[in-house]
Amino acid sequence: MAAGGGGVADPLSPAGVPCAFSPQSQAYFALASADGHLRVWETASNRLHQEYVPSAHLSGTCTCLAWAPARLQAKESPQRKKRKSEPIGTSNQTDLLALGTAVGSILLYSTVKGELHSKLVSGGHDNKVNCIQWHQENGCLYSCSDDKHIVEWNTQTCRVKCKWKGDNSSVSSLCISPDGKMLLSAGRTIKLWFLETKEVYRHFTGHATPVSSLRFTTIRPPNESQPFDGITGLYFLSGAVHDRLLNVWQVRSENKEKNAVMSFTVTDEPVYIDLTLSENKEEPVKLAVVCRDGQVHLFEHILNGYCKKPLTSNCTIQIVTPGKGKKSAPKPIPILAAGFCSDKMSLLLVYGNWFQPTIERVALNSKEPHMCLVRDISNCWAPKVETAVTKVRTPVMNSEAKVLVPGIPGHHAAIKPAPPQTEKVESKRKLGENELSIEERLGALDIDTKKEKDDLPQTNSFPVLLAQGLESNDFEMLNKVLQTRNLNLIKRTVLRIPLHAVIPLLQELTKRLQGHPNSAVLMVQWLKCVLTVHASYLSTLPDLVPQLGTLYQLMESRVKTFQKLSHLHGKLILLVTQVTASEKTKGMTWPEQKAKLVYEEESSEEESDDEIDKDSDDNWDEDEEEKESEKDEDIDDENEEEVEDAEEKDEENGEDRDVASEKELNGDSDLDPENESEEE
């Protein structure tokens, strides 16, 4: 993705084809297309210079490329002569082009010889190479991969010089400091390494998605009064996948500040970045960013500290076709890459398509905020006359021959006699000659053609349209298919798509899930069908986890808030149901009913008196009952005492009787009544 030292091809980005301008003079433009071919174009004449097809171009496609740095020939002492057995000098590395592949190998291609120079395989990477960087001085090569490792290569011996683990996840981008002593690596977080000791010097927060480009923007720090150690105070730029912000970071002496100091905002995801280095504090940094929507945004800013708001572009460049006639509107032409020329006042634009790009040099005008260039590229895309004329001859039909045509079973097309054969010159079709339309040809075959009112695609053509839209990245064609709401149609389409289109479809659905919520609802239905129908195929892919990593993170971030939303949804449903129930009860009218019997009570004063009397009567009755119960208890006690007294008296009377009987026997019975009464 990045220009200059290295490029990264994002697998989720169809526009991120590996490409780069040659260093310094930008005389050549190299690109590795999706078919595995390496093409080198001359920027001055817009002519194809070389084309190279690797032996494993289908299985090991090119994922990144980088030009070797342009350096002068190594100086040698006059006393000592060079031996034949010594390795090749560094002067012939200026024409080398390093290609990283999807299988982990690195190819070194010589543009001067037009052949493969060497191949770096043994002891290297086990997975896709994401980025390549050349060292400015010693000719070493640094590469990073999805296998989480960074490898330092010796290009002269084609062997691994050092290999270490760069991150817990895949390492997606690299960049070497201007003094050649430090190395920036990035997965999601950004690390600054010492190249000698392979130790981490600084950590930076990075981006939410994998970093796709890293570039140093300054050579000298803005504060020149302090001593410069080669890295402290320098600024560098980073861009990430599916991120419209380019962050600028500063390497500081203390390890406290880990966040970006400023950011640049663009209209879409950046697919190619080029910049001019700032050599002093007064020189601004010029930045050219090519976005996925085909526009180029130009920035010019002096890096002098922290800036809170994201900076917008100073100029935007677009290219369109001239609209011929009233009906044909101008159509945008996508810009594929852009690079600053050596004078820093002009820009090289690469636009059109990847197989036949157009390279043009455009002078920059800082006063205009928007530049729209009108270019006619129909001549570039149209085939030549020799290829347009068909070489297939139609056979001459005999009157006795029967022709079978598609149509209703049992249908026989009318056989017309062959026209008389004329001279061969007249039988050849000429360009510009009026030809019959398809409808007229079908009418000549007597096949009924039904004109449908709607121009919508049919059910059986949905899988074909979906596969073609994924291959060509046609936005309108994909919208026609993916915006359907019929579940049965979605299931049938997913069942009929070819297996090689499953992963691109998942990547397209992941990209659309991050858009508007209305479109996300439709994409979830498609995603559910794809994962259920093609689960067995997806389970056989070895690199499924890195390919669906963005989808997994997106789903995990959405699910985190689901529990809170469900709680809130339940509370809102309770409130709404209570409010509606209360409104219904308020608005209800009860039916009028006439009473059969009406009882009218007396006045409130009489009621109160009656209540008081009743209360007093009740209290009186309760008191009387208590008193009666107490009296009964007293009477029982008295009766018991009387019974005891009576028993005692009976005993005394019995004793008196005995005494009296004894006296009578003894003759002492004559007693006075008074004495008797006293005794009693």
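Points worth noting:
- Qualifying residue in region 526-537 (condition: within 22 Å of Arg292 (Cβ to Cβ) and either open to solvent by 80 Å² or more (accessible area, probe 1.4 Å) or not aliphatic (A, V, I, L, M) (or both)): yes
- Given (1) assigned to a strand (DSSP E or B); (2) crowded, with 17+ Cβ neighbours inside 10 Å, number of the condition Glu300 does not satisfy: (2)
- For region 299-320, filtered to residues that are in contact with a Phe, Trp or Tyr (Cβ under 9 Å, 6 or more places away or on another chain) and among the hydrophobic types (A, V, I, L, M, F, W, C), the residue that is nearest to Thr232 (Cα to Cα) is Leu303.
- Within region 97-115, the set of residues being buried (at least 17 other Cβ atoms within 10 Å of the Cβ), hydrophobic (A, V, I, L, M, F, W, C) and under 29 Å from the mean Cα position of the chain (by Cα) comprises Leu99, Ala102.
- Any pair with Cβ under 6 angstrom, 6 or more apart, that starts in region 509-523 at a residue that is closer than 15 Å to His242 by Cβ and ends at one that is among the polar types (S, T, N, Q): Thr510/Thr550; Arg512/Ser519
- Answer from Lys324, Lys258 - the residue that is farther than 22 Å from Cys175 by Cα and of a type in the set (Lys, Arg): Lys324
- Selected residue (only one of Ser91, Ser118 is at pLDDT below 60 and open to solvent by less than 70 Å² (accessible area, probe 1.4 Å)): Ser91
- Of the residues making up region 155-166, none is assigned to a strand (DSSP E or B), touching a residue at least 12 places away in the same chain (Cβ under 8 Å) and hydroxyl-bearing (Ser, Thr, Tyr).
- Only a single criterion out of (1) touching a helix residue (DSSP H, G or I) at 6+ places or on another chain (Cβ under 9 Å); (2) surrounded by fewer than 16 Cβ atoms within 10 Å (Cβ to Cβ); (3) closer than 25 Å to Lys258 by Cα is not satisfied by Asn138, namely (3).
- Within region 315-336, the set of residues being open to solvent by less than 70 Å² (accessible area, probe 1.4 Å) and part of a loop (DSSP other than H, G, I, E, B) comprises Thr321, Pro322, Gly323, Gly325, Ser328, Ala329, Pro334.
- When region 499-556 is limited to residues that are in a helix (DSSP H, G or I) and either charged (D, E, K, R) or in contact with a Gly (Cβ under 6 Å, 6 or more places away or on another chain) (or both), the one that is nearest to Gly469 (Cα to Cα) turns out to be Glu508.
- Leading residue by the ranking (nearest to the chain's Cα centre (by Cα)) among those in region 116-142 that are under 19 Å from Ser22 (Cα atoms), free of Cβ contacts under 8 Å to residues at least 60 places away in the same chain and in a strand (DSSP E or B): Tyr142
- Residue tally, condition part of a loop (DSSP other than H, G, I, E, B) and modelled with pLDDT under 75, over region 446-487: 13
- Counted residues, region 501-525 - those being surrounded by fewer than 16 Cβ atoms within 10 Å (Cβ to Cβ) and of a type in the set (Gly, Ala, Ser): 2
The values are calculated or read from the model by the stated rules, or taken from the named source; none is laboratory data. For clarity, every value in this text was computed on a predicted model and none was experimentally measured. Here Cβ is always computed from backbone atoms with ideal geometry, including for glycine, and neighbour counts include all displayed protein chains. Note: accessible area is taken over every heavy atom of the protein model, side chains too, but ligands, DNA and RNA are not part of it. Shrake-Rupley method; radii C 1.70, N 1.55, O 1.52, S 1.80 Å.
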